[in-house]
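The values are calculated or read from the model by the stated rules, or taken from the named source; none is laboratory data. Nothing here was measured: the structure is a model prediction, and the numbers come from that model. Using ideal geometry, Cβ is built from the backbone for each residue, glycine included, and neighbour counts are taken over all protein chains shown.
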Amino acid sequence: MKVRFWGVRGSIPSPGLATKKYGGNTACVELRVGPENRIIIIDAGSGIRLLGNSLMAKDLIDDSIKADIFLSHTHWDHIMGYPFFTPVYSPGSVIKVYGPVTFEDDPLEDVVGGQMKYRYFPVNLGELSSNIEYIRLNENPCIDLGDGLQLSTKLLNHPITSLGYRFEYDGKVVCTCYDTEPFRNLFITDPNAPGYDEAMALEGEEVATELNMVIEQFFAGADLLIHDAQYTEDEYSGRRNWGHTSIEYAIAAANRAGVKKLALFHHDPDRTDDQLDEFAKKFCDPGHPGETEVFFAREGMVVEL
């Protein structure tokens with residue numbers, strides 16, 4: 001398997017001189033699988049535009065591209081590039097779009113394709129000439145994608161339904177775990193606070209610990225884990241419940257789970273290249289703080305497994 005990053009930024013595109021090294025496009029990851037170079041795309045942030053152009057230049061056969069797109073969730077920064085993904089306009093292209101939907105009455109097609117209405121965009125969803133199938137996903141421990149590729153999905157901790165993906169092929173594992181943050185005790189834990197209940201506080205702590213362990217089990221032993229790391233620990237203390245993780249927590253969890261390579265991902269839109277370089281010096285030295293190889297994902301980076 002081979003992974004290429006086309007967008008690594010969170011929340012909103014952030015182009016400019018201060019972000020040109022790591023990139024300003026929002027989430028999009030290309031996964032190539034097997035001898036036939038099967039195309040798997042994880043998320044359709046603004047980075048998918050450049051990926052689509054690359055596919056049209058290098059992979060077009062008989063006016064056709066065949067690709068599977070897996071959406072972690074449907075927040076705009078993860079779907080905003082979809083209308084600019086050139087293969088959906090190519091006759092004969094076969095695209096499968098997988099992902100979760102938070103509101104039960106809304107099909108995935110309407111949520112993702114709702115961007116393509118004349119009030120927002122000059123091309124309507126129904127005018128696309130490719131063959132597109134929308135497949136709704138929930139948490140599932142075993143999905144056979146064919147050609148020896150297996151998928152597991154895991155519900156994460158985000159304000160809307162968000163899925164982590166674990167792709168397994170020929171003994172190698174690529175796992176995504178974003179947008180998410182650690183589960184925490186929601187009950188009052190201060191014995192001196194009004195409404196404190198010792199039994200509820202203990203139970204809440206046990207539940208949060210168990211849920212975090214389940215997430216770590218999901219990506220345990222991965223050859224490559226792409227994990228949310230939008231904040232530092234100090235920043236995260238003021239951003240709880242926003243659905244994102246600290247760099248320090250992501251590294252510690254990856255080490256506990258025996259992950260081989262950790263790509264820190266979903267960089268804050270205000271984070272500059274200089275700041276990420278300083279973080280890399282602090283967090284990415286070999287052997288520190290554990291056995292996992294840690295690096296900050298950047299656009300154009302390729303990881304071969």
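A few notes on this one:
- Conditions (1) farther than 30 Å from Phe219 by Cβ; (2) outside any helix (DSSP H, G or I); (3) modelled with pLDDT under 90: number failed by Gln115: (3)
- Extreme residue, farthest from the chain's Cα centre (by Cα), among residues of region 48-73 that are surrounded by 24 or more Cβ atoms within 10 Å (Cβ to Cβ) and under 20 Å from Ser130 (Cβ atoms): Gly52
- Pairs, first modelled with pLDDT of 75 or more in region 191-202, second exposed (fewer than 10 other Cβ atoms within 10 Å of the Cβ) and not in a helix (DSSP H, G or I), C-beta under 7 Å, six or more apart: Tyr196/Asp190
- Filter result (free of Cβ contacts under 8 Å to residues at least 24 places away in the same chain and not aromatic (Phe, Trp, Tyr)) within region 169-190: Gly171, Asn185, Leu186, Ile188, Thr189, Asp190
- Top-ranked residue in region 170-187 [being assigned to a strand (DSSP E or B) and out of contact with any Gly (no Cβ under 6 Å at 6 or more places or on another chain); ranked as surrounded by the fewest Cβ atoms within 10 Å (Cβ to Cβ)]: Lys172
- Every test in (1) within 14 Å of Asp68 (Cβ to Cβ); (2) assigned to a strand (DSSP E or B) is passed by Lys154 save one, and that test is (1).
- Asp105 being modelled with pLDDT under 95 and of a type in the set (Asp, Glu): yes
- Residues satisfying the stated conditions in region 113-134, i.e. closer than 30 Å to Asn157 by Cα and in contact with a strand residue (DSSP E or B) (Cβ under 6 Å, 6 or more places away or on another chain): Ile132, Glu133, Tyr134
- The condition (being exposed (fewer than 15 other Cβ atoms within 10 Å of the Cβ), modelled with pLDDT of 95 or more, closer than 23 Å to Asn25 by Cα and of a type in the set (Asp, Glu)) is satisfied by just one residue among Glu299, Glu304: Glu304.
- Look at (1) within 21 Å of the chain's Cα centre (by Cα); (2) surrounded by 15 or more Cβ atoms within 10 Å (Cβ to Cβ) and you find that Ile132 fails only one, number (1).
- Residue in region 200-220 that is loosely packed, with under 15 Cβ neighbours inside 10 Å and in a loop (DSSP other than H, G, I, E, B) present: no
- Some residue of region 286-295 being in contact (Cβ under 8 Å) with a residue 24 or more places away in the chain, more than 18 Å from Thr26 (Cα to Cα), crowded, with 17+ Cβ neighbours inside 10 Å and under 20 Å from the mean Cα position of the chain (by Cα): yes
- When we screen Gly164, Gly148 for residues that are surrounded by fewer than 17 Cβ atoms within 10 Å (Cβ to Cβ) and either in contact with a strand residue (DSSP E or B) (Cβ under 6 Å, 6 or more places away or on another chain) or outside any strand (DSSP E or B) (or both), the only hit is Gly148.
- Candidates in region 250-271 are the residues that are touching a residue at least 40 places away in the same chain (Cβ under 8 Å) and surrounded by fewer than 18 Cβ atoms within 10 Å (Cβ to Cβ); of these, the one that is nearest to Met213 (Cα to Cα) is Arg256.
- Residue match in region 35-45 (condition: crowded, with 24+ Cβ neighbours inside 10 Å, without any contact (Cβ under 8 Å) to a residue 40 or more places away in the chain, of a type outside the set (Asp, Glu) and part of a loop (DSSP other than H, G, I, E, B)): yes
- Total residues in region 83-101 satisfying the condition of being part of a helix (DSSP H, G or I), touching a Ser or Thr at 6+ places or on another chain (Cβ under 9 Å) and touching a residue at least 40 places away in the same chain (Cβ under 8 Å): the figure is 3.
- Members of region 235-281 found to be under 26 Å from Gly221 (Cβ atoms) and charged (D, E, K, R), listed by number: Glu248, Arg256, Lys260, Lys261
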